[in-house]
Amino acid sequence: MKHVDRDMLAESEDLLKVIGKLQLAVAASQMGVWEYDEATNSVHWDDRMLEIYGITDGMNKRPDDFWERHIHPDDIDDMIAYSEECRRENKDFKRDYRIIREDGKVRYIRSLARNISAPGEPSKLVGVNIDVTEDYRRADELKRAQTKLQHDARHDALTGLGNRRALDEVTMEAFSLMGQRDRFCLVLIDLDHFKEVNDSLGHLAGDFILTSVGEILRSTVEKFDIPGTAFRVGGDEFAIFFPTAPSDEDMITLCEALVYLVGSPMTFQGEDCYIGASIGYAFGVGPPKNPSTIFSEADAALYEAKRNGRSGYRAYRREFDLKPAAATNTRRDLLNALANDEFICHYQPQFDAETLSIVGAEALVRWNCPQRGLLPPARFLQAAAEMNLIEDIDDHVFRHVAKQQTRWHEEGLDYPTIALNTSANRLRAPEFVPAVDQVLRPHHKIAVELLETAFLDEIDKETQDNLDKIRERGIRIDLDDFGSGHSSVAALQAIKPHQAKIDRSLVAPLEENPRQMMTLRALCRIARLAQAKTVIEGMENGMLLAATRYLDCDVLQGYALQRPMPAADFAALLRRGAVD
Ligand code: C2E
Ligand code: MG
Ligand code: MG
């Protein structure tokens, strides 16, 4: 008997150990344990259960509807139905739901329970509750982070508009839902002069402009009768997509409004910024076989808008397709080249005709193209002119030279006036003088060279005003290609240049035709009468150089004297020779 007692004692000690371990495990797992006995209709909650539900009275025996009273009103119906189902079908209970604790706080609970009664007997349920609020909070955070990530991948952070990827997705989705006769419209918008503002006033001003344009697009599209969405698809490129196309008249109204709003001056830190919008749009009917077609067509229309002068708009027409694809490429290439600072200058010295000392230089643009090497103007200026990008290039060159002179100034180098070729469009533009003011400093010595052929028609008021203003700022004005146009005298009178450059095309024939000397002499005399100095360009060889002795000219420029050269070579030449 004693023996049996000892065995039983040992067994119950083992049992107590196991129970103790179990209790530890339960406590560590933060689980609350409950039991329900249908026979006695009693519910028992352990202390952890009370804790989870925020109960402080310490009573482990609870009324049988106590649990239901704590379930969140939004979850209660579902939970009652589910627990009924488990009881009826004798299934394990396993659900997450919300409770409202005694202190009013909402918690997520994971409940697991099992019916341990024998079949046919009254139910006996044992279950655990775990507070999984933290898991839900984390999952929610993760979901929000994921949503934000997805949002960011499709949106431009600066303007909040959808980006290129979003546009692709939105168009693809619209195409997938589209009927064969549904008309849609894609609009592409490119900002004019954005680069100038960005370069002259800095990136903050650039960001401000982009944000403002984003807002203009968003609000204009919102107010428009036909639902559409605006996107920012590149640096200064925007788009609007209409899954259902507006009418032609509506498109004109929209474009007029956008051109006007974007073209109105925007004030950043007291500075008026002038930009413009060029717009191209294309209509499509039914889901396109090749979705990129509508983009190419809108781009071709945009190209036409740019070509026909800035701040305008064009609807795509079939004949635009006749443009070689290369032209569109070149526009992209040129825009990229501008953005990547690929345009540089070479300097061709100009010499005093008598002393042959350096009295000036002409800055000649070169495209330092990473793929094609160093390109002369003949390889890209024509294309740039057709795409209305000459003004941007001229502005770039102007800043480039100003920066170079500042460097020379800081190095203590005595440099002469540098002449910049300036297109007539730039000279006429309202942003020309503000751009000059942004850059010009007292140590800069700049001249602008204007093509005589640009002034065949009467010089307009805008040009005249701008000429006066830059003259006031100490910028010298030279007339380029003098004698090659039909109204040399008229141009001289209207522009009153400091120097007139006699065009190379008039100098070259001297070699074969000595009578050409008469023409050159006459031109020199005309210039002199208009109180302009004369520069003779294209002094290609010694023979031409010798011929100029018989001419009453002041300055010579040509390969026979020096070819155009990089800034460093020009600086070295200056250091060696005297500057007048
Ligand atoms: P341009 O203003 O008449 O410039 C003179 C051109 O004649 C330069 O050609 C120069 O290299 C070339 N040249 C100079 N001396 C001689 C010579 O003795 N013999 C020969 N055969 N050529 C000589 P480049 O650099 O190819 O420039 C061509 C034109 O491109 C320029 O003619 C100018 O109209 C335009 N250009 C150059 N840079 C710019 C610029 O920054 N902006 C604008 N709008 N046009 C520019
Ligand atoms: Mg020139
Ligand atoms: Mg010239």
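Label sites at ASN541 and LEU112, each approximated as a point 7 angstrom past Cα along Cα to Cβ, lie 10.0 nm apart.
Counting only DSSP beta bridges whose two residues both lie in the chain, roughly 70 percent are antiparallel. Mean sequence separation of contacting Cα pairs (under 8 Å, at least six apart), scaled by the length of the chain, corresponds to a relative contact order of 8 percent. Near GLN348, once Lys and Arg are set to +1 and Asp and Glu to -1 for all other residues with Cβ below 10 Å from its Cβ, the sum equals -1.
For segment 1-155, with all protein chains in place and a probe radius of 1.4 Å, 55% of the accessible heavy-atom surface sits on carbon or sulfur.
Over the residues of the chain, the helix contribution to mean residue ellipticity at 222 nm works out to -14000 deg cm²/dmol, using -39500 (n - 2.57) for each DSSP H run of at least 4. Over all pairs of different C-alpha atoms in segment 77-185, the reciprocal of the mean inverse distance, the Kirkwood hydrodynamic radius, equals 19.0 Å. Amide H to amide H, with H built 1.01 Å from N, PHE268 comes under 5 Å of CYS273, counting only residues 5 or more places away or on other chains. The Cβ shell under 14 Å around ASN115 holds other residues with a net charge of -2, Lys and Arg each +1, Asp and Glu each -1.
Ordered by 1.4 Å accessible area with all protein chains kept, ASP192, ASP341 run largest first as ASP341, ASP192. Of the accessible area of segment 459-577, computed with a 1.4 Å probe over protein heavy atoms only, carbon and sulfur atoms account for 50 percent.
Karplus-based coupling profile of segment 306-315, in residue order and whole Hz: 5, 5, 8, x, 6, 6, x, 9, 9, 8, with θ = phi - 60° in 6.51 cos²θ - 1.76 cosθ + 1.60 and x standing for Gly or Pro.
In a fully extended conformation the segment linking ASP437 and LEU561 would gain 41.2 nm over its present Cα-Cα distance, using 0.36 nm per residue. In terms of its alpha-carbon gyration tensor, segment 134-244 comes out oblate; a/c meets the 1.5 threshold, while b/c is at least as large as a/b. Only Lys, Arg, Asp and Glu carry charge here, each on its Cβ (+1 for the first two, -1 for the last two); on that basis the chain has a dipole of about 1520 debye about its Cα centre. In terms of the mean number of neighbouring beta-carbon atoms within 10 Å, the peptides 69-82, 204-217, 265-278 order highest first as 204-217, 265-278, 69-82. What part of the accessible area of segment 259-318, given as a whole %, is carbon or sulfur when the probe is 1.4 angstrom? It is 47 percent, rounded to a whole number. Computed from the alpha carbon positions, the gyration tensor of the chain leads to an equivalent ellipsoid with semi-axes of 85, 29, 20 Å, biggest first. Remark: the ARG549-GLU256 segment gains 99.6 nm on full extension, using 0.36 nm per residue and subtracting the alpha carbon distance. Simple rule: put +1 on each Lys or Arg Cβ and -1 on each Asp or Glu Cβ in the chain, find the dipole, and look at SER42, VAL489, ASN60; the Cα lying farthest toward the positive end is VAL489. About its Cα centre, segment 472-580 has a charge dipole of approximately 280 debye under the convention of +1 per Lys or Arg Cβ and -1 per Asp or Glu Cβ, with nothing else charged. Rounded, prolate or oblate: which one fits segment 205-247, using the alpha carbon gyration tensor with axes a ≥ b ≥ c (rounded when a/c is under 1.5, else prolate when a/b beats b/c, else oblate)? Since a/c reaches 1.5 but b/c is at least a/b, the shape of segment 205-247 is classed as oblate.
The packing ranking of peptides 134-146, 44-56, highest mean first, is 44-56, 134-146, where packing means the average number of other beta carbon atoms within 10 angstrom of each residue.
Taking all protein chains as they are arranged and a probe of 1.4 Å, the heavy atoms of HIS498 leave approximately 90 Å² accessible to solvent. Taken as Cα centroids, segment 477-519 and segment 375-414 sit 24 Å apart, rounded to the nearest whole angstrom. Dividing the mean sequence gap of close Cα pairs (under 8 Å, 6+ apart) by how many residues segment 4-162 holds gives a relative contact order of 20 percent. Give LYS105/LYS143; LYS91/LYS124; LYS94/LYS143; LYS403/LYS445; LYS445/LYS469 a once-over and call out the pairs whose C-alpha atoms are over 18 Å from each other. Long pairs (Cα-Cα over 18 Å): LYS105/LYS143; LYS94/LYS143.
A dipole drawn for segment 337-458 from +1 and -1 charges on Cβ atoms has a positive end, and of VAL448, LEU413, PRO434 the residue lying farthest that way is LEU413. Ranked by solvent-accessible area (1.4 Å probe, protein heavy atoms only, all chains present), the residues GLU196, GLU102 order from largest to smallest as GLU102, GLU196.
Here the Karplus curve 6.51 cos²θ - 1.76 cosθ + 1.60, taken at θ = phi - 60°, turns the phi angles of segment 527-538 into couplings of 4, 4, 4, 8, 6, 10, 6, 10, 10, 10, 8, x Hz, with x standing for Gly and Pro. Alpha-carbon geometry of segment 242-325: the Rg and the Dmax are 15.0, 50 Å, given in that order.
With θ taken as phi - 60° and the Karplus curve 6.51 cos²θ - 1.76 cosθ + 1.60 applied, the whole-hertz 3J(HN,Hα) list for segment 290-300 is 10, x, 6, 4, 5, 5, 5, 5, 5, 5, 5 Hz, x standing for glycine and proline. For the chain, the solvent-accessible area with a 1.4 angstrom probe is 52 square angstrom per residue.
The values are calculated or read from the model by the stated rules, or taken from the named source; none is laboratory data. As the structure is a prediction and not an experimental result, all values here were calculated from the model. Cβ: placed from backbone, ideal geometry, glycine included. Neighbour counts: every protein chain shown. Keep in mind that these areas ignore ligands, DNA and RNA; they rest on the heavy atoms of the full protein, side chains included. Shrake-Rupley method; radii C 1.70, N 1.55, O 1.52, S 1.80 Å.
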